Structure formats: C-alpha cells, structure tokens
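Note sheet for the following structure.
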Amino acid sequence: HAGDSEEDTRTSKLVQRFLDSKIMTSCSNVFEAFDETLMFKEGDEASLQATLKSQFKGVFHNISQVMDCISCQKCKLHGKIQLLGVGTALKVLLLPEQLISSSLKRPEVV
C-alpha cells in the first residue's frame, strides 16, 4: 500500500490480472510440485526429511557454483549474500533447537 488509494487499486488490479493470466495458470503444476509441510512433519517421516534436507543442500551448493560464473562482481556478491541468508534461515528452521547455536558460523550470524 503506497498510501494513494487510486494507485493501490490500480496495482491490485494489475497483480490480479497477472495472477489470472495464462502464463501463471500454465505454471500451476510447478507451484504444487513441492510440499513443504513434509519437511516439518513429526514422526515416521525421518528418512523423507533427511532426503529433502540433502536435496536442499545440493541445490544450494549448485546455485552457489552457478553464481561463481557471474562476471559482475556486485551481482555476484549480492546473490551470494542473499543465498547465505536463505540458507541460514533454512538451517535455523530445519535443525533441532539445541544444535542451532553450535552450528551457525560467524557470517551466518552477522
């Protein structure tokens, strides 16, 4: 909300138009492909959680390697910092509470 009701209404209509577009509806399978609730279930799904965590770690490693190929140093730094932030957030969410403080490194805390 920008504070201008006319601009807010216009923006809201444009966003709704985009969300209802053929492009977004054709991507609906992509949005439903990952069920994040599986990562936070308690109980018998320990092996599934371990597999998902391992996959996440691999994806983050791959993204980091791809970012090494970016020629613009500012872009590379910005992307790496964002990736570090998202990775740290996932680490905090996925680790048992008693292990969080001992597993975070200085760059993740800062």
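The values are calculated or read from the model by the stated rules, or taken from the named source; none is laboratory data. All of these numbers come straight from a predicted model, not from anything done at the bench. Cβ sites come from the backbone with ideal geometry, for glycine too, and all protein chains shown count toward neighbours.
Under 7 Å by Cβ, and 6 or more places apart or on different chains, what pairs join a residue from segment 50-65 that is over 14 Å from Gly87 (Cβ atoms) with one that is part of a helix (DSSP H, G or I)? Pairs that qualify, where the first residue is over 14 Å from Gly87 (Cβ atoms) and the partner is part of a helix (DSSP H, G or I), are Leu52/Leu38; Leu52/Met39. The helices (runs of 4 or more DSSP H) found wholly in segment 18-108 and carrying at least 3 residues that are modelled with pLDDT under 80 and within 18 Å of the chain's Cα centre (by Cα) occupy 28-31, 46-67.
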